[in-house]
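Take a look at the structure set out below.
The values are calculated or read from the model by the stated rules, or taken from the named source; none is laboratory data. All of these numbers come straight from a predicted model, not from anything done at the bench. Cβ: placed from backbone, ideal geometry, glycine included. Neighbour counts: every protein chain shown.
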Amino acid sequence: MRVLLLVSIFLYSISTALPQDYSAEHISASLKNRAHAIIRDSKTVIDMRSAKDVSITIQKTITVLNKNGDKYGALALFYDKNTAIKSAKGEIYDEFGKLITKFSLNNFKDESAVSDFSLFEDSRVKYYTPQVTSYPYTIVYNYEVRNKQNLIIPEWKPVPDFGVAVAKSSYQFVCNPSDEVRVHTRNYTGVVEEVKNEKQKSLTWEIENTWAIRNEVYAPNRDTYFTSIKVAPKNFTYYNFRGAYDDWQGLGQLCYDYLLKDKRVLPPETIKTILNLVEKETSEKEKAKKIYDYFQKKTRYISVQIGIGGFQPIKASEVDRLGYGDCKALVNYMQALLEVVDIPSYYCVVEAGDEKNDLLQSFASMEQGNHAILCLPLENDTTWLECTSQDAPFGYLGSFTDDRWVFAYTKEGGKLLKTPKFDAEMSTQVRDAELILSKNGRISGNLTTNFQGAQFDNHFSLVKKSPTEKEKHLKYLYDINNLEFTSIDLSADNDVPLFIEKLGISIENYGNITDDRISFFPNLFNVQRTIPSVRNRSLPFEIKRGYIDTDSIYITFDEEIVPLIIPKQVNLESKFGSYKLIAKLVEGKLFYCRKLLIKDGIFPAEDYESYENFMQEVANNDKLRLTLSLKR
């Protein structure tokens, strides 16, 4: 085995000594198809020499084909107290493989990695952006990073994004023969190469000639079809955090015992305040509501990415004193307030974002998740709290954290829980309007819209804006020429939760007058746009959230308008939902009713044309124009 390793090293040294051909013309046409950049060759070697000494060495050659590929030619290296950049260098070649320039770590820009929304982070970043405007060009990187921890091993994603092709990429993980590691592979069709001797063991994955994937509208979560490899050692060290785990239960036990230990101690005054606050309440839920209201009024969110690499919350007593904290600190503080009255809760980690990203049920690892929320396992009524919002209703999680698996720290160890899903029947937008159409084309009146479920957030952000900002944003949201508001009343019923929008409106010249006729669109407020066409679609498509929109509009006409309308009725049914439209006269008024139901789900690529046709029919019917006569 040792002879084999020596031969491999010898052959590798010969191959690296030979001149490389960086000319873009030798890239196959199939790899260039739909690609903005091509990874010509990439080698990642993770050498876990010990729990406190992990070397990450990367050699990468990328050809950038056009301006859209520039971001793949840039390189950002993050570092902190636990991570050191040992070396970095590279070269840039033109279209014909001729050397343009060389660069080293001295040419990288160095700055704080503090986010715009973060008060403090203990990490920095060195980054290099090639200053090349002639395409294609090729950039070669060689760099090494050294970690003093092994809790988080860099994941391998050989295809980093849509529009990137890969000629060759490999990922090698090296460790001591006795080290226990778990591996999670996703969408990898090859066979791992495993080599083991008395000094080390090595696992290597490799892909070749992978075409670029086109980013198609409504594409599902890319993690479900892009290749990735995760590695997690059983025994780990991270700052002063040490332990061993095999699954979520074990990891959760460690996190509860170490990261949250002694973090929920509150001052005696605060304990007394909470006890007095809920003394008249008899149910746990009503007590929790009052405490959450107190919590929201007392605290605000500020990102603070410090404390065991950003994993450990600051003490509840500090949040109580300062009145602010990051998501971890605020969840921990709310948990401490609930403990005063013996209401149990779970500190939960979630991968937040509009894309629904689940934590892997079969593979526990610490890097999964980017946000913390709180779960209250009340009897027959599990309740979830978003602790970074000062105005979110009690028990409401929006599209940022809904319908996904999360990781709970509990006394008994880690648990995987599922956040609530808003079905289409729960995610409603119901609008009722009473309007008047005058003979000069002006339309005016009042409308009330109720938003629930996943649609609660549609306009909820406007509540705390100034009157001027409310009007500005509402004009943008409704996008109607000449729209003016005579009144704006926004409110929320947090018990449902329900957002209520009451508007008084006036729109000059809405009706188009020609000779003795007036024409107008009765659907003022909710016109469906067509969706993009995708020919030769290769990916399935996903409707992430279902919903129901119902618009009921009554329009009264001036006496000078002759109310003669031919009734119109439309019923569309498809696997994606349904659409109903009614336009008719009721006691001299125009009654216009529109109801659109869209179902969530993942559908095969070949169904996209049917979905497009369905939405096209909806859009066409939404533009129904009525023409009436004017008395002269």
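Descriptive notes on the structure:
- Residue check for PHE603: modelled with pLDDT of 95 or more, over 27 Å from LYS475 (Cβ atoms), surrounded by fewer than 19 Cβ atoms within 10 Å (Cβ to Cβ) and aromatic (Phe, Trp, Tyr): yes
- Answer residue from the range 387-421, given it is among the charged types (D, E, K, R) and under 19 Å from ALA329 (Cα atoms) and is modelled with the lowest pLDDT among those: ASP391
- Residue match in the range 469-478 (condition: over 30 Å from GLY453 (Cβ atoms) and either assigned to a loop (DSSP other than H, G, I, E, B) or modelled with pLDDT of 95 or more (or both)): no
- Here SER491 meets each of (1) among the hydroxyl-bearing types (Ser, Thr, Tyr); (2) at pLDDT below 95; (3) not assigned by TED's automatic domain parsing to the domain that holds GLY601 with one exception, condition (3).
- Qualifying residue in the range 282-291 (condition: among the polar types (S, T, N, Q), more than 30 Å from the chain's Cα centre (by Cα) and under 30 Å from ASN380 (Cα atoms)): yes
- Some residue of the range 96-108 being touching a residue at least 40 places away in the same chain (Cβ under 8 Å) and either part of a strand (DSSP E or B) or in contact with a helix residue (DSSP H, G or I) (Cβ under 7 Å, 6 or more places away or on another chain) (or both): no
- With respect to the conditions (1) over 22 Å from the mean Cα position of the chain (by Cα); (2) free of Cβ contacts under 8 Å to residues at least 24 places away in the same chain, ILE343 lacks only one, and its number is (2).
- Residues that are farther than 30 Å from PHE520 by Cβ number at least 3 in the following strands (runs of 3 or more DSSP E) confined to the range 373-463: 381-385, 405-409, 415-418.
- Failed item, numbered, when GLU559 is tested on (1) closer than 30 Å to ASP354 by Cβ; (2) at pLDDT below 95; (3) surrounded by fewer than 16 Cβ atoms within 10 Å (Cβ to Cβ): (1)
- Residue within the range 285-297 that is assigned to a loop (DSSP other than H, G, I, E, B) and either assigned by TED's automatic domain parsing to the domain that holds LYS261 or touching a helix residue (DSSP H, G or I) at 6+ places or on another chain (Cβ under 8 Å) (or both) present: no
- Restricting attention to the range 422-443, the residues that are charged (D, E, K, R), surrounded by 16 or more Cβ atoms within 10 Å (Cβ to Cβ) and at pLDDT below 95 total 1.
- The set of residues in the range 148-201 being touching a Ser or Thr at 6+ places or on another chain (Cβ under 7 Å), of a type in the set (S, T, N, Q) and touching a residue at least 60 places away in the same chain (Cβ under 8 Å) consists of GLN149, ASN150, SER169, SER170, GLN172.
- Residue within the range 615-629 that is outside any strand (DSSP E or B), touching a Gly at 6+ places or on another chain (Cβ under 8 Å) and not β-branched (Val, Ile, Thr) present: no
- Set ASN357, ASN276, ASN332: member being of a type in the set (S, T, N, Q), touching a helix residue (DSSP H, G or I) at 6+ places or on another chain (Cβ under 8 Å) and modelled with pLDDT of 95 or more: ASN332
- Only one of VAL140, VAL145 that is touching a Ser or Thr at 6+ places or on another chain (Cβ under 9 Å), at pLDDT 95 or above, surrounded by 17 or more Cβ atoms within 10 Å (Cβ to Cβ) and farther than 21 Å from HIS26 by Cα: VAL145
- Residue within the range 264-276 that is closer than 30 Å to ARG214 by Cα and part of a loop (DSSP other than H, G, I, E, B) present: no
- Cβ-Cβ under 9 Å pairs, at least 6 apart or on other chains, the range 394-409 side farther than 14 Å from ASN494 by Cβ and touching a residue at least 60 places away in the same chain (Cβ under 8 Å), far side outside any loop (DSSP other than H, G, I, E, B) and of a type in the set (Val, Ile, Thr): PHE407/VAL349; PHE407/VAL350; ALA408/VAL349; TYR409/VAL349
Yes/no matrix, rows are residues, columns are (1) at pLDDT 95 or above; (2) surrounded by 15 or more Cβ atoms within 10 Å (Cβ to Cβ):
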site	(1), (2)
LYS81	no, no
GLU91	yes, yes
LYS102	yes, no
PHE117	no, no
